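Working notes, structure below.
The values are calculated or read from the model by the stated rules, or taken from the named source; none is laboratory data. Source: prediction; values computed, not measured. Cβ coordinates were reconstructed from backbone atoms using ideal geometry, including for glycine residues, and neighbour counts include every protein chain displayed.
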Amino acid sequence: MKALIQRVSHAEVTVAGRTVGVIDHGLLALVGVERGDDTQKADKLLHKLLHYRLFSDDEGKMNLDLQQVGGGLLLVSQFTLAAETHKGLRPGFSSAAAPEEGERLFAYLVRQATDAWPHVAQGEFGANMQVSLTNDGPVTFMLQT
C-alpha cells in the first residue's frame, strides 16, 4: 500500500457538491492499493499514519505524531498512486489492485483507523472527488508498506 501524506491546517473532500469528509489540523492521506496488498500491509500503513513524526515540537523539530498533537486523519482512496510511470508518456495501472479488492482494503483501513483514533474522516471510494487542502509547511511524504 502507498500513501501520499500531507500535513494540513485544513482539508476536505466533496462529491457532487456535498462535503463527505473534513478535518482541520492534521494529516491528509491519499491511499493507493496495489496488487498483493493485504490487511497486514494496511495495518502497517495505519501504524505509520498514526505514529509518523511530522508535526513540530516546541523547538520546531518534527518530533510529534498525529496522536500527540490531537490531529485529524482524512483518508482518501487514490487509484492513480498505483500508476506505473517509469516509461512512456501514459500511466499504466496493471500494478493496481482490482477495484473490489481496493475497496475492501480501503474500507478495512478506515475501520481500523476509526477504531484506533476518534478523529478520522474519509472520502468516497470510487467517486469523482474534489479534494481541497491547505498544506502546512508544506510537508509531504510518500509512505509505502
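Brief remarks on what is shown
- Residue match in segment 114-121 (condition: within 15 Å of V31 (Cα to Cα) and either surrounded by 15 or more Cβ atoms within 10 Å (Cβ to Cβ) or out of contact with any Pro (no Cβ under 6 Å at 6 or more places or on another chain) (or both)): yes
- A residue that is under 15 Å from M142 (Cα atoms), in contact (Cβ under 8 Å) with a residue 12 or more places away in the chain and basic (K, R) occurs nowhere in segment 25-35.
- Verdict on L64 being touching a Lys or Arg at 6+ places or on another chain (Cβ under 7 Å), modelled with pLDDT of 95 or more, surrounded by 14 or more Cβ atoms within 10 Å (Cβ to Cβ) and over 30 Å from A96 (Cα atoms): yes
- Segment 96-144, residues that are part of a helix (DSSP H, G or I) and polar (S, T, N, Q): Q112, T114
- Filter result for D57 (in contact (Cβ under 8 Å) with a residue 60 or more places away in the chain and of a type in the set (D, E)): no
- Subset of segment 3-24 that is part of a strand (DSSP E or B) and without any contact (Cβ under 8 Å) to a residue 24 or more places away in the chain - its residue that is farthest from W117 (Cα to Cα): R18
- Residues in segment 80-127 that are hydroxyl-bearing (S, T, Y) and under 18 Å from L50 (Cα atoms): Y108, T114.
- Identity of the residue in segment 45-92, of a type in the set (G, A, S) and within 19 Å of T145 (Cβ to Cβ), that ends up farthest from the chain's Cα centre (by Cα): A83
- Selection of segment 38-54 for residues being surrounded by fewer than 21 Cβ atoms within 10 Å (Cβ to Cβ) and touching a helix residue (DSSP H, G or I) at 6+ places or on another chain (Cβ under 7 Å) yields T39, D43, L50.
- Top-ranked residue in segment 1-19 [being closer than 28 Å to S95 by Cα and β-branched (V, I, T); ranked as farthest from the chain's Cα centre (by Cα)]: V15
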